[in-house]
Amino acid sequence: MDVRFKRDGMTLVVSIEGEIDHHTSSLLKEKIDSRFIMEPVKNMIIDLSGVTFMDSAGIGLIMGRMKRVSSVGGKISIRNPKPEIIKMLRMSNIYNLII
Amino acid sequence: MQPVNRMRTEFISKSVNEGFARVVAASFVAQADPPIDILADIRTAVSEAVTNAIIHGYEDKEGIIVMECVLYNDRVEITVEDFGKGIEDIEKARTPLYTSKPELERSGMGFTIMETFMDSLTVESVLGKGTKVHMTKQLEYR
């Protein structure tokens, strides 16, 4: 699992690569949250194009980041999920975050 | 119908073994050459079952998880069993979005995903003894 960051104006673009499960999600959350605090941003785009597997831990991760971003008045979006991950997202209330 | 193959593996309840369990289950089922999306569903359901055993069964303490896969011509049956604390109210635990550990940012979707991604799901649990999750999946489109 790896995560890369890029700032685009007021938006932090978070590109995740590898698998998101309970094992990897704790470290991912720490890395994303600390970067979000450090950067002068209020919005977040989570790019899932490099994610090869995601279970409900990924839903929890996105929902948690959605709360954080909302708390500072920002917006969160999801980009480029693979079809099997779209199936997962459809089951939760974060499906409408896909752009 | 007689099984065409069977396997059983056990591992300790370390979170790194979530990936191990789903790879092992998917590799075993792959010998039946199912469609890729069916294989993906099985990987996800196994990951959820093993994660539940680690987080809820053993509450991140060390214990043994047993996974058994029985392959038939048309389906696979998968059992994931722990010997941890057990589930007090199975019906409540299976409610979509319910989580007993909101502080962990759990989505409460684990059982819902197992039910949706597999063709059947049964959960047996005895407080203080453990939990057994049994799932089946057809290996071709019906």
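The values are calculated or read from the model by the stated rules, or taken from the named source; none is laboratory data. Computed from a predicted structure; not experimentally measured. Neighbour counts run over all protein chains shown; Cβ positions are idealised from the backbone, glycine included. All accessible areas refer to the heavy atoms of the entire protein, side chains included, with ligands and DNA or RNA removed. Shrake-Rupley method; radii C 1.70, N 1.55, O 1.52, S 1.80 Å.
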Quick check: at a probe of 1.4 Å, how many percent of the accessible area of the protein assembly as shown sits on carbon and sulfur atoms? 51
If I fit a long axis through the Cα atoms of helix A:22-38 and take the longest principal axis of the Cα atoms of chain A, what angle between them do I get, 0 to 90°, rounded to 10? 20
Paramagnetic reach from B:Ile12 (point 7 Å along Cα→Cβ, amide N under 14 Å) across the range B:55-88: B:60-65
For the range B:26-83 and the range A:13-65, compute the distance between their C-alpha centroids and round to whole Å. 25
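Add +1 for every Lys or Arg and -1 for every Asp or Glu among the other residues with Cβ under 13 Å from the Cβ of A:Met63, and state the total. Numbers along the way, then the final one.
On the way: positive: A:Lys29, A:Arg65, A:Lys67, A:Arg68, B:Arg106; negative: B:Glu105.
Overall, the nearby charge balance is +4.
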On C-alpha positions alone, give me the angle between the axis of helix A:56-71 and the longest principal axis of chain A, in degrees, nearest 10. 20
Is any helix in chain B, taking whole DSSP H runs, at least 20 angstrom long along its axis by alpha carbon and on average at least 1.0 on the Kyte-Doolittle scale, and which ones? none
Run lengths n ≥ 4 of DSSP H only: what is the helix-derived mean residue ellipticity at 222 nm for chain B, with -39500 (n - 2.57) per run over all residues, to the nearest 500? -9000 deg cm²/dmol
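Suppose all protein chains stay in the model; what accessible area per residue would a 1.4 Å probe give for the range B:1-137, in Å²? Before the final figure, lay out the partial values.
On the way: 6320 Å² over 137 residues.
Computed with neighbouring chains in place, this is 46 Å² per residue.
Hey, with R₀ at 22 Å, roughly what FRET efficiency would B:Gln31 and B:Met1 work out to, going by the Cβ-Cβ distance, to 0.05? Could you put the intermediate results ahead of the total?
Details: r = 17 Å, r/R0 = 0.77.
The pair B:Gln31/B:Met1 has a calculated efficiency of 0.85.
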Can you list the residues of the range A:6-29 with backbone N under 11 Å from a point 7 Å past the Cα of A:Lys82, pointing along Cα to Cβ? A:18-20
What full-extension length gain, to one decimal in nm, is calculated for B:Asp60 and B:Glu140 as 0.36 nm per residue of separation minus the Cα-Cα distance? 25.2 nm
